[in-house]
Amino acid sequence: METFSILAALVTLSAIASFLNNRFIKLPGTIGVMVVSIVLSGIILFTGKIFPAAYLFIKALTGSIDFSHTLLDIMLAFLLFASALHFDYPALKKQVRPVMILSTVGVVGSTIVFGWLLHYATTLLHIDIPLIYCFLFGALISPTDPVAVLSILKKSKIPPALETIIGGESLLNDAVGLLLFVILKEIADESVANPTLLEGFRIFAQEVFGGLALGGISAFTAYKTMKKVDDFQTIVLVSLSMVMIISVAGGILHVSIPLAAVTAGLILGNTTLGDPRQQDLHEYLERIWKLIDELLNTILFVLIGLQIVVMPFIRNYWLLGCVAIVAVLIARAVSIALPAIFLRRALSATYKSVTILVWAGLRGGISVALALSLPPSPYRELIISGSYCILLFSVIVQGLTLNRVVSAMMKAK
């Protein structure tokens, strides 16, 4: 399909899903549109022989979109910049210790626990997945998804301090997850000769510090440019150009695009442009990016829903998915409960906070995109299927029940 036809189809399907959800289903926005798109995809998938034209159209549409590239290299920078632009930086500074611990130690711990649990369970169930691939699965599924988390948190009743910790963790834990994913992928890839820990840390340093530098330089340049004009159209174009440059330059320089986008968003979102008129323009700019964020989120969750048409329905699909869901919840609980012992001041009423943190640790499209980026192997489709099952459970079940869990914990003695 041509690029314009793909965009027209996606926007139209997003409009239909948004209308049906708003008019009839009335679920929270992003969850609702994903549910609608999954239901429509499921109906088309199972009635393919009755409505072959619809089935072939959806399959051609999803086949024309490189989901991994579209999300990781294009959409993610816009989504993360928009989220960081509105993030409360002073509140983040107050919670920097728990955020940094959960986004580093928490991710590593979750990867290890998940890997061992999955390997043990699959061995009992006679599903063949080597331990290294279980750890690789853990590395791509352990970081919480900032797009899913921040879209759900907007309408949650989580206490402000915990909301800051969860949101900050989701914005910053991609670097550690990426390091583990890249190192483990090289170890699992038999064509890579003698991968070393030193090489892994070199990649980590390049991705993290390069991403921070790219985001800082981009934000500084955009800020200086914006200060010299008082035309709203120009300011919006500068911000759009900056995010696009981050996406392109990040790919060329092999640095972390998510970290660069978050850094730029935090800087521009917490600086003032000067005179009162420019401050009004800054507020309008934030509103424009809020609209961009909501539109892209809607399209992204429709894309996720459409992926069910091309998901590999292999023999152990649902069994592995259920095992992976249990394993990721246990791994999340362990990786938070242990650091929480040292964070009692930051996490008052520890068991309540831990429960909320575990249930609010949503996974999303980034995990599926990373799974799709795996090289061909006998275990690739198992990991893709398991990631998709975790995504569905995380966004729909955890997302819809999050407020109930929060209310129950707040009432508990």
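The values are calculated or read from the model by the stated rules, or taken from the named source; none is laboratory data. Everything quoted here is computed from the prediction, not taken from an experiment. All Cβ positions, glycine included, derive from the backbone under ideal geometry; neighbour counts span all protein chains shown. Heavy atoms of the whole protein, side chains included, go into the accessibility calculation; ligands, DNA and RNA do not. Shrake-Rupley method; radii C 1.70, N 1.55, O 1.52, S 1.80 Å.
Is it the case that some residue within the range 267-284 is in contact (Cβ under 8 Å) with a residue 60 or more places away in the chain, in contact with a helix residue (DSSP H, G or I) (Cβ under 6 Å, 6 or more places away or on another chain), more than 30 Å from residue 36 (Cα to Cα) and part of a helix (DSSP H, G or I)? Don't jump to the end; show me each part of the working.
Within the range 267-284, the subset in contact (Cβ under 8 Å) with a residue 60 or more places away in the chain is 268-270.
Then keep just the ones that are in contact with a helix residue (DSSP H, G or I) (Cβ under 6 Å, 6 or more places away or on another chain); that gives 268-270.
Next, from what is left, pick out any that are more than 30 Å from residue 36 (Cα to Cα): 268-270.
Filter once more, so that each one left must be part of a helix (DSSP H, G or I): 268-269.
Checking the range 267-284: at least one residue is in contact (Cβ under 8 Å) with a residue 60 or more places away in the chain, in contact with a helix residue (DSSP H, G or I) (Cβ under 6 Å, 6 or more places away or on another chain), more than 30 Å from residue 36 (Cα to Cα) and part of a helix (DSSP H, G or I).
So which residues in the range 59-71 are open to solvent by less than 50 Å² (accessible area, probe 1.4 Å) and closer than 20 Å to residue 387 by Cα, if there are any at all?
Listed by number, the residues that qualify are 62, 65, 67, 68, 70, 71.
I'd like to check something: does the range 233-254 contain any residue that is within 16 Å of residue 79 (Cβ to Cβ) and outside any helix (DSSP H, G or I)? Give the steps one after another, and end with the answer.
Step one: filter the range 233-254 for residues within 16 Å of residue 79 (Cβ to Cβ), giving 239-240, 242-244, 246-247, 250.
Applying the additional criterion that residues be outside any helix (DSSP H, G or I) yields none.
Scanning the range 233-254, I find no residue that is within 16 Å of residue 79 (Cβ to Cβ) and outside any helix (DSSP H, G or I), so the answer is no.
Is one or more of the residues making up the range 48-58 open to solvent by less than 40 Å² (accessible area, probe 1.4 Å) and touching a residue at least 60 places away in the same chain (Cβ under 8 Å)?
Within the range 48-58, one or more residues are open to solvent by less than 40 Å² (accessible area, probe 1.4 Å) and touching a residue at least 60 places away in the same chain (Cβ under 8 Å).
Just to check your reading of the model, which residue among 163, 199 is in a helix (DSSP H, G or I), without any contact (Cβ under 8 Å) to a residue 60 or more places away in the chain, within 22 Å of residue 79 (Cβ to Cβ) and open to solvent by 50 Å² or more (accessible area, probe 1.4 Å)? If you could, list the steps in order and put the result at the bottom.
Working: 199 fails: within 22 Å of residue 79 (Cβ to Cβ).
Just one listed residue meets the conditions, 163.
Could you list all residues from the range 76-90 that are surrounded by 17 or more Cβ atoms within 10 Å (Cβ to Cβ) and either part of a helix (DSSP H, G or I) or at pLDDT 90 or above (or both)?
The answer is 76, 77, 78, 79, 80, 81, 82, 83, 84, 85.
Can you tell me which residues in the range 93-108 are part of a helix (DSSP H, G or I) and either of a type in the set (Asp, Glu) or open to solvent by 20 Å² or more (accessible area, probe 1.4 Å) (or both)? If you could, list the steps in order and put the result at the bottom.
Taking the range 93-108 first, the residues part of a helix (DSSP H, G or I) are 93-94, 96-108.
Across the range 93-108, the qualifying residues are 93, 94, 96, 97, 100, 101, 104, 105, 108.
On the basis of being not hydroxyl-bearing (Ser, Thr, Tyr) and not in a helix (DSSP H, G or I), does residue 73 make the cut?
On the way: not hydroxyl-bearing (Ser, Thr, Tyr): yes; not in a helix (DSSP H, G or I): no.
When the stated conditions are applied, residue 73 does not pass them.
Can you tell me which residues in the range 364-388 are open to solvent by 10 Å² or more (accessible area, probe 1.4 Å) and either not assigned by the TED database to the domain that holds residue 331 or not aliphatic (A, V, I, L, M) (or both)?
Answer for the range 364-388, where residues must be open to solvent by 10 Å² or more (accessible area, probe 1.4 Å) and either not assigned by the TED database to the domain that holds residue 331 or not aliphatic (A, V, I, L, M) (or both): 373, 375, 376, 377, 378, 379, 380, 381.
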